[in-house]
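Asks: Submitted below is the structure of interest, expressed as structure tokens.
The values are calculated or read from the model by the stated rules, or taken from the named source; none is laboratory data. Note that the structure is a prediction, hence the values are computed from the model and not measured. Cβ coordinates were reconstructed from backbone atoms using ideal geometry, including for glycine residues, and neighbour counts include every protein chain displayed.
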Amino acid sequence: MTLYSRITGTGSYLPPRRVTNDDLARELAGRGIETSDQWIIERTGIRARHFAAPEVTSSDLALHACRHALEASGHSARDVDLIIVATSTPDMVFPSSAAILQNKLGIAGCPAFDVQAVCSGFVYAITVADAMIRTGGAKCALVVGAEVFSRILDFNDRTTCVLFGDGAGAVVLEASDTPGILASDLHADGSHVGILCVPGNVSGGQVLGTPLLRMDGQAVFKLAVRVLEDAARATLAKAGKVDADIDWLIPHQANIRIMQGTAKKLKLPLDKLIVTVDEHGNTSAASIPLALDAAVRGGKIKKGDTLMLEGVGGGFTWGAVLLNL
Ligand code: UT7
């Protein structure tokens, strides 16, 4: 019997404060910075995002998402034997948000660690969890993407602060004798560190450099369109599948134009594209599991469907995962 891993429950959580483009435009106007609902929608597809309250951390958001995913899978936290959190906005420098989340879930003992691959974090994390399950290292994993990107936004930079939001998504990934995860394809190219980064670090009790997000949007845009198609094609080839086998495309939710461009390259009709960027903004590692959960709970995605997940972001990192739900 070949051992596979399969998603048996999804969950997500958005902090209650919803900030529309108009809300943000008003806030920025107070700083003498001009933006508009029309510009943000036309260039990105974003209408609103959620921001967490100052005292709320990524592990707090993750906890809600995990509870929903566990409930959907019919498990309790006591069944969990692996926790992986994809985040670039952890609660602390260390320990990991995964260890903090484990404690909030009221369990102890199982391995728990963070994966840092920025907006590709969730496809990295689920690939690692799949490998651990298939090699017998775990049977019931929580794989989470959780971010409070509002903490690292520069609200004096209109080219980035209108793009991102906070939230968390989670899946329960379990050992299975029928295939769930079919194939994945992960990459990084550190020569592009500078096009999307938070260049600060902690040293001697101070933050050195800038602890705020910096992005060359056009450079990221061009790279993203190219690598997302390559990763999807490589993943399909590894699984022995073709474009037409994809029931739903769930790309990282950064920009509707990148997402639609990828769907077109894969010859997928746009109604096969899961879109939540309009309501969530770019929630980095949380965007894919948030979109997955929204589509499952909304009744679009059903058990047995074939999904292509695709991430791209800082590093530069990118990757794709093909799975049967
Ligand atoms: O999560 C990781 C992956 N990240 C991404 O995928 C992001 C990829 N990049 C993008 O999505 C797009 O490049 C952006 C949405 C960031 C920007 O869109 P763009 O079409 O590339 O716009 P642009 O940077 O070429 O800027 C066009 C104009 C500029 O004005 P001028 O120079 O033409 O006069 C900007 O100053 O829009 C101006 N602009 C704005 N205007 C109003 C930039 N930001 C804003 C703003 N409101 N918020």
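Asks: Taking region 277-325 only, how many residues are out of contact with any helix residue (DSSP H, G or I) (no Cβ under 7 Å at 6 or more places or on another chain) and in a helix (DSSP H, G or I)?
Replies: Matching residues across region 277-325 total 10.
Asks: Residue by residue through region 258-271, note down the ones that are assigned to a helix (DSSP H, G or I) and either within 19 Å of ALA285 (Cα to Cα) or of a type outside the set (D, E, K, R) (or both).
Replies: Kept after step one, since they are assigned to a helix (DSSP H, G or I), are these residues of region 258-271: 258-265, 270-271.
Selection gives ILE258, MET259, GLN260, GLY261, THR262, ALA263, LEU270.
Asks: Here is a further query. On the basis of being closer than 15 Å to ALA65 by Cβ, in contact (Cβ under 8 Å) with a residue 40 or more places away in the chain and buried (at least 24 other Cβ atoms within 10 Å of the Cβ), does PHE149 make the cut?
Replies: Working: closer than 15 Å to ALA65 by Cβ: no; in contact (Cβ under 8 Å) with a residue 40 or more places away in the chain: yes; buried (at least 24 other Cβ atoms within 10 Å of the Cβ): yes.
No, not satisfied.
Asks: Of the numbered conditions (1) within 14 Å of the ligand (Cβ to nearest atom); (2) closer than 30 Å to GLY240 by Cα, LEU186 fails exactly one; give the number of that condition.
Replies: (1)
Asks: Checking the structure you have, find out if any residue of region 81-101 is more than 16 Å from the ligand (Cβ to nearest atom), aromatic (Phe, Trp, Tyr) and surrounded by 15 or more Cβ atoms within 10 Å (Cβ to Cβ).
Replies: Step one: list which residues in region 81-101 are more than 16 Å from the ligand (Cβ to nearest atom), which gives 81-85, 90-101.
Now drop any that are not aromatic (Phe, Trp, Tyr), which leaves 94.
The next check asks that each one be surrounded by 15 or more Cβ atoms within 10 Å (Cβ to Cβ); those that pass are none.
Scanning region 81-101 turns up no residue that is more than 16 Å from the ligand (Cβ to nearest atom), aromatic (Phe, Trp, Tyr) and surrounded by 15 or more Cβ atoms within 10 Å (Cβ to Cβ).
Asks: On the basis of being more than 16 Å from GLY281 (Cβ to Cβ), away from the ligand (no atom under 15 Å from the Cβ), more than 19 Å from the chain's Cα centre (by Cα) and surrounded by 16 or more Cβ atoms within 10 Å (Cβ to Cβ), does ASP243 make the cut? Spell out the reasoning first.
Replies: Details: more than 16 Å from GLY281 (Cβ to Cβ): yes; away from the ligand (no atom under 15 Å from the Cβ): yes; more than 19 Å from the chain's Cα centre (by Cα): yes; surrounded by 16 or more Cβ atoms within 10 Å (Cβ to Cβ): no.
Taking the combined requirement at face value, the residue does not satisfy it.
Asks: Grab the strands (runs of 3 or more DSSP E) fully contained in region 1-80, keeping just those with 2 or more residues being out of contact with any helix residue (DSSP H, G or I) (no Cβ under 7 Å at 6 or more places or on another chain) and crowded, with 19+ Cβ neighbours inside 10 Å.
Replies: Numbers: elements: 4-13, 17-20, 48-51.
Per the criteria, 4-13.
Asks: Every residue in region 134-171 that is more than 15 Å from the chain's Cα centre (by Cα) and part of a strand (DSSP E or B), please.
Replies: CYS140, ALA141
Asks: Something else: Any residue at all in region 191-214 that is within 22 Å of ALA141 (Cβ to Cβ) and at pLDDT 95 or above?
Replies: Step one: filter region 191-214 for residues within 22 Å of ALA141 (Cβ to Cβ), giving none.
No; the residues of region 191-214 include none that is within 22 Å of ALA141 (Cβ to Cβ) and at pLDDT 95 or above.
Asks: Can you find even one residue in region 104-118 that is without any contact (Cβ under 8 Å) to a residue 24 or more places away in the chain and not in a strand (DSSP E or B)?
Replies: Within region 104-118, one or more residues are without any contact (Cβ under 8 Å) to a residue 24 or more places away in the chain and not in a strand (DSSP E or B).
Asks: Here is a further query. Restricted to region 211-228, and to residues that are within 9 Å of the ligand (Cβ to nearest atom) and under 19 Å from ILE40 (Cβ atoms), which residue is surrounded by the fewest Cβ atoms within 10 Å (Cβ to Cβ)?
Replies: My answer is GLN218.
Asks: Identify all residues within region 118-164 that are within 11 Å of the ligand (Cβ to nearest atom), touching a Ser or Thr at 6+ places or on another chain (Cβ under 8 Å) and either modelled with pLDDT under 95 or farther than 15 Å from ALA98 by Cα (or both); write none if there are none.
Replies: Hits for region 118-164 are VAL118, CYS119, SER120, PHE149, ARG158, VAL162, LEU163, PHE164.
Asks: Read through the list (1) over 16 Å from the mean Cα position of the chain (by Cα); (2) under 20 Å from LEU182 (Cα atoms); (3) modelled with pLDDT of 95 or more, then give the number of the only condition that LEU270 fails.
Replies: All conditions are met except number (2).
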